[in-house]
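S.K.: Encoded as C-alpha cells, here's the structure I'll be asking about.
The values are calculated or read from the model by the stated rules, or taken from the named source; none is laboratory data. A quick note: this is a predicted structure, and the numbers were derived from the prediction, not measured. Glycine gets a Cβ as well: all are built from the backbone with ideal geometry, and neighbour counts include every protein chain shown. The accessibility values were calculated without ligands, DNA or RNA, using every heavy atom of the protein model including side chains. Shrake-Rupley method; radii C 1.70, N 1.55, O 1.52, S 1.80 Å.
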Amino acid sequence: MARSNRERTDGTRTALLDAARALFVEKGYAETATPEIVAAARVTRGALYHHFTDKRALFWAVIEREANDVAADIEARSAEAFSAREALLQGASAYFDAMAVAGRTRLLLREAPAQMAIDSGEGEDPAESSLKVGLSHLLAGSRALSLLDPLTVLMSAAFERAAIAIDCGGNRADYEAAIAALLDSLAD
C-alpha cells in the first residue's frame, strides 16, 4: 500500500529527529554536522531544510520532543495521586524514570543548557511547568506560596542535579528520599 504525502512527510521528519538525537547524544551538538545527520536519516539535505531552518532548529525540535516525553510521563504517573505531596513524589519517580532513557540526561541537562547560554533560550520547560503546578497545590494556603516561582526554579535544579548524579551511578532511592524530605520541609 502506498504511503500518503503526510505519512512520507512525518516519516522524514521523524527520521531526521531520530538521527539527530542519536548523533547529539553520541557527539554533542557542536561536534555534529548536518551532512552526518542527513546521512544517518537517509534523506537529502533538501529534506532537512524543508523541515528545519537549520541545525539549531533541528536541535531544539529534538529537545522539545524529549522534554515533552518527560512531561507526559510525569503527568501520567502523578494524575491519580490522592494528595499534592503524593503527586509530587510520583512525579519525581516518573522524572527519574524518564531521565534514565539513554542519552536523555546529556541532551536535556548538558547539551540544552549549553545551547541556551549561546542562544538565549527556547520556550518553557514542560516538566518545570508541571512541577510548578504540583508545588502550588502542595503549598496552597501556606506563606511559602508567595515564593512559588523561585521555589520552582530551585526544586527543578534539585531534580536536574539528582538526575545527573543518578546517571553517574548515584543511588536513586537516596535521591528520591532526599526529594521527599525537601517536599516535606516545604509543606511544614
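S.K.: Quick one: grab Rg to one decimal and Dmax as a whole number for region 1-106, Cα atoms only, in Å.
M.R.: 17.0, 51
S.K.: Further, regarding this structure: Just want the answer: with Cβ charges of +1 for Lys and Arg and -1 for Asp and Glu, which residue in His50, Ala102, His137 is farthest toward the dipole's positive end in region 37-181?
M.R.: Sorting the options by dipole projection puts first His50.
S.K.: So, in Å, what gap is there between the alpha-carbon centers of region 57-96 and region 135-188?
M.R.: Value for the Cα centre distance between the two parts: 14 Å.
S.K.: Okay, next question. What 222 nm value per residue comes from the helices of the chain, counting each DSSP H run with n ≥ 4 as -39,500 (n - 2.57) and dividing by all residues, nearest 500 deg cm²/dmol?
M.R.: Numbers: 9 runs with 135 residues, N = 188.
One gets -23500 deg cm²/dmol as the mean residue ellipticity at 222 nm.
S.K.: On to the next question. Over the chain, with a Gaussian network built from C-alpha contacts below 10 Å, which listed residue (Ala117, Ala173, Ala84) shows the highest mean-square fluctuation?
M.R.: Ala117
S.K.: Under the rule a/c < 1.5 gives rounded, and otherwise a/b versus b/c splits prolate from oblate, where does region 79-176 land using the Cα gyration tensor? Provide the component values of the computation, followed by the final result.
M.R.: Values: a/c = 2.11, a/b = 1.28, b/c = 1.65.
The shape class here is oblate.
S.K.: Treat every Asp and Glu Cβ in the chain as -1 and every Lys and Arg Cβ as +1, leave all other atoms uncharged, and give the resulting dipole magnitude about the Cα centre to the nearest 20 debye. Please list the in-between numbers first.
M.R.: Numbers: 20 positive and 28 negative charges, 137 e Å.
The dipole of the chain has a size of about 660 debye.
S.K.: Counting only the heavy atoms of the protein chains, how much of Arg13 is accessible to a 1.4 Å probe, in Å² to the nearest 10?
M.R.: For Arg13, solvent-accessible area is about 90 Å².
S.K.: So how do His50, His137 rank on accessible area, 1.4 Å probe, biggest first, that is with the largest at the start?
M.R.: Values: His50 140, His137 115 Å².
The ranking, largest first, comes out as His50, His137.
S.K.: Would you mind counting up the charge near Ala98? Only other residues with Cβ under 10 Å from its Cβ, with Lys and Arg at +1 and Asp and Glu at -1. Present the calculation step by step, with values, prior to reporting the outcome.
M.R.: Working: positive: Arg77, Arg104; negative: Glu66, Asp69, Asp73, Asp97.
Result for the local shell: -2.
S.K.: For Ala30 and Asp97, compute 0.36 nm times the residue count separating them, minus their Cα-Cα distance, and round to one decimal in nm. Working shown, then result.
M.R.: Numbers: separation 67, 0.36 × 67 = 24.12 nm, distance 2.73 nm.
Result for the pair: 21.4 nm of gain on full extension.
S.K.: Computed FRET efficiency, Cβ-Cβ of Ala180 and Ala72, R0 35 Å: what is it to the nearest 0.05?
M.R.: Details: r = 23 Å, r/R0 = 0.65.
So the FRET efficiency works out to roughly 0.95.
S.K.: Based on the Kirkwood radius over alpha-carbon pairs, what is the Stokes-Einstein translational diffusion coefficient of the chain at 4 °C with 1.567 mPa s viscosity, in µm²/s?
M.R.: Numbers: Rh = 18.0 Å.
The Stokes-Einstein estimate is 72 µm²/s.
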